[in-house]
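All of the numbers you see were taken from the coordinates with simple rules; none came from a lab. Computed from a prediction, not measured in an experiment: that's the story for all the values here.
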């Protein structure tokens, strides 16, 4: 059941305006109202799930097939050199709308947008990584 106050559910229903680029049975895509680059597009499942962590697995195929298709279209339409595909889950991760959505951001060499992903020794502690892999594998086995 979708929450009545969910802005992306309202957009999916057609109750709020959007600059829609894809209107499918399971997924819609529309321009982000606060773009970080021209052509910044959001890909959103019609069915409400607050985060990827809550999304039923059956939604994954249609959602990510649409993400790939939209990413190709955005890159072509914007003449992009590359594309970032970003997805956040929960406020601690930077999610600001409580409906699962994937950002497709066209990129150009020298555009000034930055994503910080550590690449130093702290990111490659092999002992810590082995322990993390074991914990994640055990959690997967329990799902």
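The Stokes-Einstein estimate for segment 8-86, based on a Kirkwood radius over Cα pairs and taken at 37 °C with 0.692 mPa s viscosity, is a diffusion coefficient of 250 µm²/s.
Take every Cα pair under 8 Å whose residues are at least 6 apart in sequence, average their separation, divide by the length of the chain, and the relative contact order is 22 percent.
Beta bridges per DSSP, both residues in the chain: antiparallel share near 100 percent.
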